[in-house]
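Reviewing the structure listed below.
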Amino acid sequence: MILEMKNIVKTYGRVVANDNVSIDLNEGEILAIVGENGAGKSTIMKILYGLEKPDSGEIYVKGQKVSFNSPSDAMKMGIGMVQQHFMLFPPMTVTENIVYNNEQQKYGFLDKKKNIEKVRELSEKYGLDVDPEAVIRDCSVGTQQRVEILKTLYQNADTIIFDEPSAVLTPGEVDDLLKTMKNLAKAGKSLIIITHKLNEVMEVADRVVVMRAGVVVGRVNKVDTSPEELSYMMIGRQLMNLDIKPVKTGRTLLSVSGLTMGSESGKKVLNDVNLHVDEGEIVGIAGVSGNGQSELIRCITGLEREYEGKVMVDGVDVSNKTVDVIRKAGLSYIPEDRYLWGSATEASLSDNLLMGEEDSREFSRKGILNQKKIDQHADQLIKEYRVKVDTYSQKMKELSGGNAQKIVCAREVERDVPLTIACEPTRGIDIGAMEFVHEKLVNKKENRGGVLLVSSELSEILKLSDRIYVMFEGHLNHEFRHGEIDDRKLGIMMLGGEVHE
């Protein structure tokens, strides 16, 4: 046994994040840890990686009792972590990122050639194809993830923790990642995966630990279980089969025509983009991150106002108008970054759920807010969206990422407006919450609303969308109706390829 965590307890105020959690890991094994948001899986991994200290419990690495005060302590004991949000320096090369702070030197000076050779050797040894001299900002997301993995291997990690490793990858990149994981295990590395994607668990894991409400509720060998059993253990009930029926479309709720925007370098970030969303439909945009989706949504929502072309929301010309004007025209928006764009982390949950409605007659009179009504509104949404909170007066930053996402979704989906733009609406939330958000988006379209869905989860795009646009290098290249394309073909088109029947 390479690693053992015994009876770990971790509390945050009155919240018990880990309640006597015990986990062990064998050499060359792939262990998956699954569970709902707030189940405690991220906390236990933060403790293992030295980002948090347990209140009680013991950690043993190769039979030796250890105590970690920082990630560097964990790394010294051979434990590395590939974060969901990559910790890379975009202007630096692949090699510079991998060897950072531990460079090969010659006569007291940086030996650039030796560093490049070292990275190339490591890349070939583990089958992780990278160009050692490429600049990170020019690399695909899949390549950047390989760089993160090589960083941990360069630091001699024997145990590697993967936090939601496929969250931003295309289907082809996911296949490559799963192959890499298997190769690492064959080479004697031990892996722990935190993931919501049970199909990936079934593909690579040897064992699965299921957590719920801070405790371990199941330990199973992969060969002895199924996705259905795992999901039942995770959420304590069977998942519903969401029946998505086509709805007769009505008036146009969003019309974008000739949208063009340049970058500082002169290159077109958006190139003559044309799209529409009608009453009674969910329209998906599929694309690899960095191909103009974020800029397109910023233009539509008023966060970007330096562009050419026309944007109409429910018949109102909102081209280059402010966020407030556009929202009042009939638009709600779930942003891709729940913290940067979607919330005020230092504000209370009730204040976050009120945002954008401060001047509503329901919540204020003559500029004076009705706190009782605001708190009742927050309480209702928190209960309806099953957000795990202590109290609606606590700060947004105190919630887990998934529960913070539910707060943003609740606020925007429940606004009484015809059009919702949903960017990565289920990023970082568990399958039970994902099912619930999907149900809410479908309800929106069935109630004569419209949804523009931007997601890196192709299964989400394919499942929910009545129509799908494919975005590549700032241009919408293809349009498909529901059922006309699968995830493999869509993945190829997202990378600029063509699919021939």
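The values are calculated or read from the model by the stated rules, or taken from the named source; none is laboratory data. Since the structure is predicted, the reported quantities are computational estimates derived from the model, not experimental observations. Methodologically, a virtual Cβ is constructed for each residue, glycine included, from the backbone with ideal geometry; neighbour enumeration extends over all protein chains shown.
Of (1) assigned to a loop (DSSP other than H, G, I, E, B); (2) surrounded by 16 or more Cβ atoms within 10 Å (Cβ to Cβ), Ile297 satisfies all except one. Which?
(1)
Looking at this structure, is Asn20 surrounded by fewer than 16 Cβ atoms within 10 Å (Cβ to Cβ), of a type in the set (S, T, N, Q), out of contact with any Lys or Arg (no Cβ under 8 Å at 6 or more places or on another chain) and under 28 Å from Lys186 (Cβ atoms)?
no
So Glu133 ticks every box in (1) closer than 22 Å to Val174 by Cα; (2) at pLDDT 90 or above; (3) surrounded by fewer than 14 Cβ atoms within 10 Å (Cβ to Cβ) but one. Which box is left unticked?
Of (1) closer than 22 Å to Val174 by Cα; (2) at pLDDT 90 or above; (3) surrounded by fewer than 14 Cβ atoms within 10 Å (Cβ to Cβ), only one is false for Glu133: (1).
Within 24 Å of Lys197 (Cα to Cα) and in contact with a strand residue (DSSP E or B) (Cβ under 6 Å, 6 or more places away or on another chain), is that true of Ser455?
No; evaluated as a whole, the condition is false for this residue.
Which residue, of Val316, Val323, is out of contact with any strand residue (DSSP E or B) (no Cβ under 9 Å at 6 or more places or on another chain), of a type in the set (Val, Ile, Thr), within 17 Å of Leu452 (Cβ to Cβ) and surrounded by fewer than 21 Cβ atoms within 10 Å (Cβ to Cβ)?
Matching residue, one of Val316, Val323: Val316.
Any residue at all in region 141-157 that's modelled with pLDDT under 85, at negative phi and not hydroxyl-bearing (Ser, Thr, Tyr)? It would help to see each step written out before you state the result.
Of region 141-157, the ones modelled with pLDDT under 85 are 141-142.
Still in the running and at negative phi: 141-142.
Then keep just the ones that are not hydroxyl-bearing (Ser, Thr, Tyr); that gives 141-142.
Looking for residues that are modelled with pLDDT under 85, at negative phi and not hydroxyl-bearing (Ser, Thr, Tyr), one finds at least one in region 141-157, hence yes.
State all residues of region 179-205 that are under 17 Å from Leu230 (Cβ atoms) and part of a helix (DSSP H, G or I); if no residue qualifies, say none.
Matches in region 179-205: Leu198, Asn199, Glu200, Val201, Met202, Glu203, Val204.
This table checks each residue for (1) closer than 30 Å to Cys139 by Cα; (2) at pLDDT below 95; (3) of a type in the set (Gly, Ala, Ser); (4) not assigned by TED's automatic domain parsing to the domain that holds Ile468.
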{"residue": "Ser289", "(1), (2), (3), (4)": "yes, yes, yes, no"}
{"residue": "Gln293", "(1), (2), (3), (4)": "yes, yes, no, no"}
{"residue": "Arg298", "(1), (2), (3), (4)": "yes, yes, no, no"}
{"residue": "Leu303", "(1), (2), (3), (4)": "yes, yes, no, no"}
{"residue": "Asp314", "(1), (2), (3), (4)": "no, no, no, no"}
{"residue": "Ser319", "(1), (2), (3), (4)": "no, no, yes, no"}
{"residue": "Leu331", "(1), (2), (3), (4)": "no, no, no, no"}
{"residue": "Arg338", "(1), (2), (3), (4)": "yes, yes, no, no"}
{"residue": "Trp341", "(1), (2), (3), (4)": "yes, yes, no, no"}
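Quick one: count up the residues across region 52-65 that are surrounded by 14 or more Cβ atoms within 10 Å (Cβ to Cβ) and under 20 Å from Lys189 (Cα atoms).
So the answer is 4.
Cβ-Cβ under 8 Å, sequence separation 6+ or interchain: first residue in region 312-325 and in a helix (DSSP H, G or I) and of a type in the set (Val, Ile, Thr), partner modelled with pLDDT under 95 and surrounded by fewer than 18 Cβ atoms within 10 Å (Cβ to Cβ). Which pairs?
Val323/Leu303
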